[in-house]
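Trainee: Provided herewith is a single structure, encoded as structure tokens, for subsequent inquiry.
Nothing in this text is a laboratory measurement; each read-out follows from the coordinates by a stated rule. Small disclaimer: the values here were computed from a predicted structure and weren't measured. Every residue, glycine among them, receives a Cβ derived from its backbone with ideal geometry; neighbour counts consider all protein chains shown.
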Amino acid sequence: MLRINNLVKTFDGERRRRRDSKTPSAQEARVFAVNDVSFTVENGQLFTLLGPSGCGKTTTLRSIAGLERPDSGSIEVADRVLFSADEGQKQVNVPANERGLGMVFQSYAIWPHMSVFDNVAFPLQVRKRGERLGRKEISERVMRVLETMELGHLAERQATKLSGGQQQRLALARALVIEPPLLLLDEPLSNLDAKLRESLRYELKRVQRELGITSVYVTHDQVEALALSNAIAVMRNGSVVQLGRPRDIYENPNCRFVAEFIGTSNFLTGNVVAKDGDRYTVNTIDGRLALDSAMTLPLGTDVIVSVRPEAVEVSTTSRAGEVPNEWKGTVLTRAYLGDSLDHVVGVGKHELRTRGNPSTSIEPGTEVYLRMDPAKLVLVPVD
């Protein structure tokens, strides 16, 4: 289990002078890369830190690894304190090479002069003398991990003669061979082409689940995060803005940033005009929408309705009176995506994207009707 409590990490920023002072402000001279981040990763979970560049996810990972020293907070792995800088407590900062964690970098970082076998065996061979395994046990453990990663038949090959996907699996095997209590992965698939990245995504998920190894994964790829994770922390400006299961975060974003960053959404601004239990009625510039939400908002509250493209049904026939949330519009453009087809429909001052079966293709200029299921619309507070 990993526990992160109130982690803070700052860096020197641009030193600016206040208008009323000749010296720079101490606050202005520091930039918060990680700002009071807390979360827990349960045993066997694959936990993903997701967010855009500069949001603090890699700094958080490097702090766990011991490659960055936070300003304050604590890091605990398997009931062992690796870092603590809280006031009134003993200061702890275990060096990176003594934390016993596995890490896979974006750049693979394999040793080009070694064979596949020697790359994986190296972390075991350089252990302290009292912790070092025998030659036979090292060989057995290395081959067991290589077979798991489907690299056993390449054990004697030079590492530089592997393909990109094989090199990434080699880097993963080297991290796993020490049987770490925690595996850290820093955008390990970002250097691969799209097809190989998708293939290794499922390979990584299979290995992680089979071994039951607790893992923290850093990525800016929301599809990757949704496919791999047991839990996701979405980060922005050094802080965690939402934490939860992939489905919950996708279907119930708690703010516009999360809804925009994870997947594609249409955003409709409006005002709450009625409420009956969990059923809200929101008045927008182009019509009313009925939707279900567990949020508690008074009448008159300004809100944003997030509508995923796949939650919008498009049809050339009307069912007015039979179903709620039917709007009339005109197809502006369409895009064939292979496994789906998008239509962009103009409705008053809005342009709404829909996503459906590729067998349904409607020509631009056609008058259509959009229907939105109240259970699939999400109420988002105005920031």
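Trainee: By how many nm would the segment from Lys205 to Arg3 grow when fully extended, if each residue of separation counts as 0.36 nm and the alpha-carbon distance is taken off?
Mentor: Extra length available between Lys205 and Arg3 comes to 70.5 nm.
Trainee: With a point put 7 Å past each Cα toward its Cβ, work out how far Ser318 is from Thr360 in nm, to one decimal.
Mentor: My value for the distance between the label points is 1.8 nm.
Trainee: Taking only Cα atoms, what is the 0 to 90° angle, nearest 10, from helix 135-148's long axis to the longest principal axis of the chain?
Mentor: Result, in degrees: 20.
Trainee: Return the equivalent ellipsoid semi-axes of the range 161-281 as a descending list in whole Å, where each equals the square root of 5 times an eigenvalue of the C-alpha gyration tensor.
Mentor: 36, 16, 12
Trainee: How high is the FRET efficiency between Asp221 and Asn93 when r is their beta carbon distance and R₀ equals 30 Å, given to the nearest 0.05?
Mentor: Calculated transfer efficiency: 0.40.
Trainee: While we're looking at this one, here's another question. For the chain, build the charge dipole from Cβ charges (+1 Lys, Arg; -1 Asp, Glu) around the Cα centre, then report which of Ala175, Ser107, Pro95 sits farthest towards its positive end.
Mentor: Comparing the listed Cα positions along the dipole, Pro95 ranks first.
Trainee: Roughly how far apart, in whole Å, are the Cα centres of the range 164-181 and the range 182-254?
Mentor: Result: 17 Å between the Cα centres.
Trainee: Still on this structure, I have one more. Once the dipole of the chain is set up with Lys and Arg at +1 and Asp and Glu at -1 on Cβ about the Cα centre, which of Ala231, Leu154, Gly270 lies farthest towards its positive end?
Mentor: Most positive-ward Cα: Leu154.
Trainee: Another question, then. Would you mind working out the magnitude of the charge dipole of the range 264-381 relative to its Cα centre, with +1 at each Lys and Arg C-beta and -1 at each Asp and Glu C-beta, to the nearest 20 Debye?
Mentor: The calculation lands at about 120 debye.
Trainee: Another question, if that's okay. Given the options Gly73, Thr40, Leu124, identify the residue whose Cα lies farthest towards the positive end of the charge dipole of the chain (+1 on Cβ of Lys, Arg; -1 on Cβ of Asp, Glu).
Mentor: The Cα lying farthest towards the positive end belongs to Leu124.
Trainee: Per the Kirkwood formula on distinct C-alpha pairs, the Rh of the chain is how many angstrom? Please list the in-between numbers first.
Mentor: Details: mean 1/r = 0.0416 Å⁻¹.
After inverting the mean inverse Cα-Cα distance, the result is 24.1 Å.
Trainee: While we're looking at this one, here's another question. Give me the count of lysine pairs in the chain whose alpha carbons sit under 28 angstrom apart, restricted to pairs 8 or more positions apart or on different chains.
Mentor: Number of lysine pairs found: 18.
Trainee: Go ahead and run the numbers for FRET between Thr160 and Asp86, Cβ-Cβ distance against an R0 of 30 Å, rounding to 0.05.
Mentor: 0.05
Trainee: Across the chain, where is the longest run that never hits GluC sites (Glu not before Pro) in a DSSP loop with at most 14 other C-beta atoms within 10 Å?
Mentor: Result for the longest clean stretch: 157-321.
Trainee: Let me ask something else about it. Between 0 and 90 degrees, rounded to the nearest ten: what's the tilt of helix 194-211 against the longest Cα principal axis of the chain?
Mentor: Taking Cα atoms only, the helix is inclined about 60 degrees.
Trainee: Pop out the Kirkwood hydrodynamic radius of the range 241-328 from its pairwise C-alpha distances, inverse of mean 1/r, in Å to one decimal.
Mentor: Result for the range 241-328 stands at 14.3 Å.
Trainee: Whole number please: convex hull volume per residue of the Cα set in the range 264-381, in Å³?
Mentor: For the range 264-381, the hull spanned by Cα atoms encloses 98 Å³ per residue.
Trainee: Counting pairs of alpha carbon atoms under 8 Å apart in space and at least six apart in sequence, what relative contact order in percent does the chain give?
Mentor: 15 percent
Trainee: Something else now. Roughly how many nanometres apart are two label points built 7 Å out from the Cα toward the Cβ at Lys136 and Thr296?
Mentor: Those two pseudo-labels are separated by 6.8 nm.
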